[in-house]
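Encoded as structure tokens, the structure appears first; notes follow it.
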Amino acid sequence: MKIALSKDLRKRSKRRKLSHFTKRGLLNSNYKRVVKYSFKKARRKSLFMIRQRAKSIQISKESLMASLVLKVAVFVSVAILILF
């Protein structure tokens, strides 16, 4: 029984593909699954898909910039607290 479960878990872990939605968010519901499914099934050359790809690149750049600003601000505030 234990061997069968471990083999089954290995098969499942190998089948997983890297999703476009790699960030973990607060929305963990049926709605999120529907959105992911719709995004995966959209035609790649459709206008919707082109717009979504452009938006996702823009959003990822914005989130990287925001996280960088936040990290720098926290670092500076901690450095000021330690020095004074």
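The values are calculated or read from the model by the stated rules, or taken from the named source; none is laboratory data. In this text the structure is predicted, and so the values were computed from the model without any measurement. Cβ placement follows ideal geometry from the backbone for every residue including glycine, while neighbour counts extend to all protein chains displayed.
Are any of the residues in region 21-39 modelled with pLDDT under 75 and surrounded by 10 or more Cβ atoms within 10 Å (Cβ to Cβ)?
Within region 21-39, one or more residues are modelled with pLDDT under 75 and surrounded by 10 or more Cβ atoms within 10 Å (Cβ to Cβ).
Are any residues in region 45-63 surrounded by fewer than 10 Cβ atoms within 10 Å (Cβ to Cβ) and part of a helix (DSSP H, G or I), and if so, which ones? First the steps, then the outcome.
Taking region 45-63 as the starting set, the residues that turn out to be surrounded by fewer than 10 Cβ atoms within 10 Å (Cβ to Cβ) are 45, 47.
Listed by number, the list holds a single entry, LEU47.
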